[in-house]
Amino acid sequence: MDQIDKKILNMLQANARVSLKEMSAACYISSPAIAARISKMEDTGIITGYHTSIDREKLDYHVKAFIMVQLEPSQKSEFYPYVQSIPNVIECNCVTGEYSEVMEVVFPSTGALDDFINEIQRRFGKTSTQIVFSTSVEHRGVKLSE
């Protein structure tokens, strides 16, 4: 990966709808060359997809929280498919420490969040939850040095 690839990735992470023409001008190479580089990065798995950012509150998801779950290793085979089936779980990570899973979730209300937490506790055990008041840094791409 060279500096041009890094510049392309930075531009795509900032705006996945940036035009080939705009990237071409910024990188000083032709649009077909930009397209070929993007295609190669897709083929090698560096680029895994393109996403749209939304304002969750405008869609009535007013509560964002992090839920930590204490699981036994034997519970993972049931837990993973379960959380993958819940659209309110926007991210789930296996982590070190007392709790083995950390989920980022969004819900329309604290009542709906409470119902979900109760179901997690009933099925899997101990949890700890932090409700988010505000977010100073949203999900963002990895800035590559050019």
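Table for the structure above
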| quantity | calculated |
| --- | --- |
| Test: residue in segment 61-74 that is free of Cβ contacts under 8 Å to residues at least 24 places away in the same chain and surrounded by 13 or more Cβ atoms within 10 Å (Cβ to Cβ) | no |
| Number of the exception - Gln130 against (1) over 13 Å from Ala65 (Cβ atoms); (2) open to solvent by 50 Å² or more (accessible area, probe 1.4 Å); (3) polar (S, T, N, Q) | (1) |
| Qualifying residue in segment 19-29 (condition: in contact (Cβ under 8 Å) with a residue 12 or more places away in the chain and under 23 Å from the mean Cα position of the chain (by Cα)) | no |
| Number of the exception - Ser39 against (1) touching a strand residue (DSSP E or B) at 6+ places or on another chain (Cβ under 8 Å); (2) among the polar types (S, T, N, Q); (3) open to solvent by 40 Å² or more (accessible area, probe 1.4 Å) | (1) |
| Qualifying residue in segment 115-127 (condition: within 22 Å of Ile54 (Cβ to Cβ), in contact with a strand residue (DSSP E or B) (Cβ under 9 Å, 6 or more places away or on another chain) and either open to solvent by 20 Å² or more (accessible area, probe 1.4 Å) or in contact (Cβ under 8 Å) with a residue 24 or more places away in the chain (or both)) | yes |
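Residue-wise test of (1) open to solvent by 60 Å² or more (accessible area, probe 1.4 Å); (2) within 19 Å of Leu144 (Cα to Cα); (3) touching a helix residue (DSSP H, G or I) at 6+ places or on another chain (Cβ under 7 Å).
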| residue | (1), (2), (3) |
| --- | --- |
| Ile8 | no, yes, yes |
| Cys27 | no, yes, yes |
| Thr44 | yes, yes, no |
| Phe79 | no, no, yes |
| Leu113 | no, no, no |
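The values are calculated or read from the model by the stated rules, or taken from the named source; none is laboratory data. The structure displayed is predicted, hence computed values, not measured ones. For neighbour counting, all protein chains shown are included, and Cβ atoms are generated from backbone atoms with ideal geometry for every residue, glycine included. Heavy atoms of the whole protein, side chains included, go into the accessibility calculation; ligands, DNA and RNA do not. Shrake-Rupley method; radii C 1.70, N 1.55, O 1.52, S 1.80 Å.
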